[in-house]
Amino acid sequence: HWCLAEASVQGFEPDTSQGRERYVSSSTIVGVLFRRPWPSYMLSFVLTSCYRSPSSARAPPFTCRHWQGELATIIAVHGMCTETEFQDMLAFLPVLGIEHMGMDRGRSWAYMQPLAEVIAEKCGVAVMVIGLPDDDPLGQPMLNAWKAQYYGQALSAAIDHAYEAVPLKTNGAATVDKSKVGLLGHSMGGGGVLYGAGAQCADKIKTVIALDPGCFSWDEDVQFHANCVAYAKEPLYSGTGGDYEMEVLKNIKAAVLLHTSRAQYNAPLMPNTDYCAMWPALPSIYNQLTSDKKEIYVDNFLVDESKTTLAEAQPICAASHTWMVSPSGLLEHGGGVPINVILSFTRRHLLGSGEEPMEKPEGAVEWETAAC
């Protein structure tokens, strides 16, 4: 009931199975397009870009030059991972203060693509980016406020599917190393991978990376709205009000990396809102983890102490929250420290490189590597 979106010689192949032309670049990422019937909880895909013409393609054709033998594999997901709704969010980029990202507003967009490609290329791993199809009823009313439990179900199914997708995509040259599977999530997707790591995916994964995780919805939709409103009423950048116990976190056995910026503490992401969805505060999440291997990095980039109102802090929070959107931006943000922290963790804990962890970056607000 699924098929791979194979690349043509030019790197793209049209798919019209849902009544419109869709081009999918394969690049260094395993891209999977699920067709009906798929399970009601299954996320489809958002990969490289949807709904763009071959003339605008900037990604290279699929290549197997690094794809041989058993591959470590990462399943990646963003919070707002719908197709059309997510594409339409381009119109909100200036409102969010993200004009500097250099995204072409005439093209569709997959949020996690730049980060996924860097990890795939730098670490030699397979990365499958998943997303929610337009016609999934969940995506229409909830956008990206569905419960983290839902992510866990979808991530578990995606792992199972990757076992078949990788050998098919590489013409049998590679398979998934089932002992080296990781999860990568950002924003609501960051909360989603944490939930999955402690529940549906607990026995399937070796690592989990949660970037700017938001647990606005957890076991239920919009479950912690009141907590997020209260969090935004505390002093900006303080982290006060960010403590909350979540039992699922204590069940995570995989190595965990948590990263965010203090610029997102107690601050709203969206304009004209009174809540901070990046809650609980990262130290609270970290302290609940019982995994033998866990790491936390909270940076201080973009923080402007002169901003004293939610309206003033919001554009800064948005810019901090979207640092990985641009291929060049994610390499340059913070002098390259955040991306290098992610790559170092992936090499050490997913691939088993044996290298020493990075030294504490200058200006780090929180930094700890347990059982490295």
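A few remarks follow.
- Residue count for segment 173-210, restricted to those that are outside any strand (DSSP E or B), within 11 Å of the chain's Cα centre (by Cα) and among the small types (Gly, Ala, Ser): 5
- Test: residue in segment 206-220 that is open to solvent by less than 20 Å² (accessible area, probe 1.4 Å), of a type in the set (Val, Ile, Thr) and closer than 25 Å to residue 302 by Cβ: yes
- In segment 110-123, the residues that are closer than 11 Å to residue 326 by Cβ form Cβ pairs under 8 Å with partners that are among the polar types (S, T, N, Q) and surrounded by fewer than 24 Cβ atoms within 10 Å (Cβ to Cβ), at six or more places apart or across chains, as follows: 113/49; 114/326.
- Count of segment 247-272 residues, restricted to those that are among the hydrophobic types (A, V, I, L, M, F, W, C) and surrounded by fewer than 20 Cβ atoms within 10 Å (Cβ to Cβ), is 1.
- Tally, over segment 166-204, of residues that are touching a residue at least 60 places away in the same chain (Cβ under 8 Å) and closer than 16 Å to residue 69 by Cβ: 12
- Of residues in segment 340-362 being of a type in the set (A, V, I, L, M, F, W, C) and outside any loop (DSSP other than H, G, I, E, B), the one surrounded by the fewest Cβ atoms within 10 Å (Cβ to Cβ): 343
- Exactly one residue out of 289, 350, 269, 310 is over 18 Å from the mean Cα position of the chain (by Cα) and within 28 Å of residue 250 (Cβ to Cβ): that is 289.
- Qualifying position, being at pLDDT below 95 and under 23 Å from residue 367 (Cα atoms), among 228, 276: 276
- Residue 275 being open to solvent by 10 Å² or more (accessible area, probe 1.4 Å), aromatic (Phe, Trp, Tyr) and either under 18 Å from residue 324 (Cα atoms) or in a loop (DSSP other than H, G, I, E, B) (or both): yes
- Among the residues of segment 322-339, just one is of a type outside the set (A, V, I, L, M) and under 23 Å from residue 289 (Cα atoms), namely 338.
- Scanning segment 247-272 for residues that are assigned to a strand (DSSP E or B) and hydroxyl-bearing (Ser, Thr, Tyr) turns up 260, 261.
- Hits in segment 221-246 - residues which are in a helix (DSSP H, G or I), in contact (Cβ under 8 Å) with a residue 12 or more places away in the chain and open to solvent by less than 70 Å² (accessible area, probe 1.4 Å): 227, 228, 229, 231, 232
- Of all residues in segment 296-333, those that are touching a strand residue (DSSP E or B) at 6+ places or on another chain (Cβ under 6 Å) and open to solvent by 10 Å² or more (accessible area, probe 1.4 Å) total 1.
The values are calculated or read from the model by the stated rules, or taken from the named source; none is laboratory data. Given the structure is predicted, the values throughout are model-derived calculations rather than measurements. All Cβ positions, even for glycine, are placed from backbone atoms using ideal geometry, and neighbour counts span all protein chains on display. Protein only, heavy atoms only, side chains kept; ligands, DNA and RNA dropped before computing areas. Shrake-Rupley method; radii C 1.70, N 1.55, O 1.52, S 1.80 Å.
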